Amino acid sequence: MAEETIFSKIIRHEIPSEIVYQDDFVTAFKDIAPKAKVHILIIPNKVIPSVNEIEPEDEILVGKLFTVAKKIAKDLGFAENGYRLIFNCGRDGGQEVAHLHMHLLGGEPLHSKGFCN
């Protein structure tokens, strides 16, 4: 069983967060240290520590992260202009919380933000 994380507490509304989307499977909230005009973390409600721990039975859940990202980008009005989705994996990959999470960045041009181009 995966360990509890700060994201688990956000899912359960035990610590304050600006949640922009939540259902039985996925929660999305504003990053507390945004790297773009819009920076949202999209997480599965099930704790999966990293990309390395995704199992075949998680495929549909992980796919839902992408459909939620698309919905949020559309709802916030920047889907047509484009956005960036990022997963970090492990310490060397820059992952800070051991709970799988997708970064959704948008709302402005991102080519000068220092991420992969």
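Structure values in brief
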read-out: Test for ARG84: is it among the charged types (D, E, K, R) and assigned to a strand (DSSP E or B); value: yes
read-out: Considering residues of region 42-64 that are acidic (Asp, Glu) and within 25 Å of TYR83 (Cβ to Cβ) only, the residue surrounded by the fewest Cβ atoms within 10 Å (Cβ to Cβ); value: GLU59
read-out: Residue in region 65-79 that is surrounded by fewer than 19 Cβ atoms within 10 Å (Cβ to Cβ) and touching a helix residue (DSSP H, G or I) at 6+ places or on another chain (Cβ under 6 Å) present; value: yes
read-out: Residues located in region 14-41, provided they are more than 24 Å from HIS111 (Cβ to Cβ), open to solvent by 30 Å² or more (accessible area, probe 1.4 Å) and outside any loop (DSSP other than H, G, I, E, B); value: ILE19, VAL20, TYR21, GLN22
read-out: Criterion: at pLDDT 95 or above and exposed (fewer than 13 other Cβ atoms within 10 Å of the Cβ) - qualifying residue of GLY82, GLY94, GLY90; value: GLY82
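The values are calculated or read from the model by the stated rules, or taken from the named source; none is laboratory data. Computed from a predicted model, the values in this text were never measured in an experiment. All Cβ positions, glycine included, derive from the backbone under ideal geometry; neighbour counts span all protein chains shown. Keep in mind that these areas ignore ligands, DNA and RNA; they rest on the heavy atoms of the full protein, side chains included. Shrake-Rupley method; radii C 1.70, N 1.55, O 1.52, S 1.80 Å.
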